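Everything on this sheet refers to the single structure shown next.
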Amino acid sequence: CKVHNGGETPDGHVDLSFVVCLLSPTRAISLCTRYQGTMQRFKEAFSRHMREPSSGPVGWMVKRFLEKRNDGLERQAAKLINIQPHHNVLEVGFGPGLGLKHALNYMGSDGPGKVYGLDISPEMVRVATKRFQADIAAGKLQVTLGNVMDLPYADGSMDGTFHVNCYYFWDDMHQACGELYRVMSPGGVMVATMKKDRLKLLVDRGFNMYADILDPDEYMTALERTGFTGVKLEHITKG
C-alpha cells in the first residue's frame with residue numbers, strides 16, 4: 001500500500017493514509033501496526049508533519065494530535081511569560097494556534113500590546129490566518145511565515161517569547177538561540193515547555209524521527225552561551 005494523499009494507489013490498493021484520517025490518532029496508529037510494509041512510510045510521514053505540518057490526511061491527523069496534546073503546554077507557556085496589556089509577545093512555531101489564542105486572552109484587548117506568531121509551515125500560517133481573522137484585523141495579532149534562524153523582527157522588540165515542543169527541530173541551536181536573544185527587550189522573559197516523557201515515547205516508537213536534540217540541558221546551555229541569564233528548568237503541574 002503506497003501512501004498518497006487519499007483514494008487509491010496506482011495499483012488499485014486502498015490508500016492507508018486516507019483510511020487513517022477517518023480515525024482517532026490512537027485507532028489510526030493501531031490500524032497501521034497491522035501493515036508492517038506501510039508502517040515505516042506512515043511513521044516517516046507522521047514525523048515529517050510533526051516537524052512541519054502540511055495539508056493532506058496525515059497532516060490533518062498531526063494537526064488534531066497537536067491540538068489535543070499541546071493545549072495545556074501552550075497555556076502554561078503563555079501564562080509564565082506574564083503578559084501585560086502593553087507587551088509585544090512572540091510565539092515561535094505556533095502550529096494550530098493554541099498558544100496564540102492563550103496569549104491573546106492573557107493580553108486582553110485594551111492595551112497597545114500585540115501578539116506575533118512565526119511558523120515554518122505555510123499550512124499552519126493559513127490555518128491561523130483564517131482562525132484569527134478578527135484579531136488580525138484589529139491589529140492585535142500578526143502571523144508570519146518564517147524560520148527561527150532568521151527572525152523578521154527588530155532588535156529588542158519583544159517583551160516576551162515562548163515556544164512549545166519546538167527547539168529539538170532547529171537546524172542550528174546556537175543560531176536560533178542567538179536570534180531569540182537578539183529580538184528580546186532588556187528584562188524580557190522567554191519560556192519553553194515540553195513533556196519530555198511523551199516526547200521520548202514518540203521518538204522511541206518512530207513517530208518523531210526529526211527531533212534531534214531531546215536533552216533540555218543542551219538547549220539551556222545554548223541559551224546561556226548566547227546571552228540569556230537566569231536559565232532554569234522547572235517541573236510544572238496542571239493548573
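The values are calculated or read from the model by the stated rules, or taken from the named source; none is laboratory data. Worth saying up front: this structure is predicted, and the values here are computed from it rather than measured. All Cβ positions, even for glycine, are placed from backbone atoms using ideal geometry, and neighbour counts span all protein chains on display. In case anyone asks, the SASA skips ligands and DNA or RNA and just uses the protein heavy atoms, side chains included. Shrake-Rupley method; radii C 1.70, N 1.55, O 1.52, S 1.80 Å.
Nonpolar atom fraction for region 99-236, defined as the carbon and sulfur part of the 1.4 Å probe accessible area, stands at 50 percent. Each Lys and Arg contributes +1 and each Asp and Glu -1, all at the Cβ; summed about the Cα centre of region 87-187, the dipole is approximately 400 debye. Please label the shape of region 96-187 as rounded, prolate or oblate, based on the square roots a ≥ b ≥ c of the eigenvalues of the alpha-carbon gyration tensor (a/c under 1.5 means rounded; beyond that, a/b larger than b/c means prolate, else oblate). Here region 96-187 falls in the oblate category. For Lys232, the accessible area of its heavy atoms, probed at 1.4 Å with every protein chain present, is near 140 square angstrom. Hey, for a label at Asp172 modelled as a point 7 Å past Cα toward Cβ, could you say which residues of region 106-125 have their backbone N under 18 Å away? Under cut-off, by backbone N: 120. Once you reduce region 130-157 and region 97-112 to the center of their Cα atoms, the two points are 13 Å from each other.
Over all pairs of different C-alpha atoms in region 44-149, the reciprocal of the mean inverse distance, the Kirkwood hydrodynamic radius, equals 14.0 Å.
The packing ranking of peptides 157-163, 42-48, highest mean first, is 157-163, 42-48, where packing means the average number of other beta carbon atoms within 10 angstrom of each residue.
Our estimate of slack between Gln84 and Leu233, defined as 0.36 nm per intervening residue step minus the Cα-Cα distance, is 51.3 nm.
Calculated accessible area for region 119-193 comes out at 44 Å² per residue, all protein chains present (probe 1.4 Å; ligands, DNA, RNA ignored).
Could you put Arg51, Arg64 in order of accessible surface area, largest first, with the 1.4 Å probe and the full protein assembly present? Please report the intermediate quantities before stating the final value.
Values: Arg51 70, Arg64 115 Å².
So, going from the largest accessible area down, we get Arg64, Arg51.
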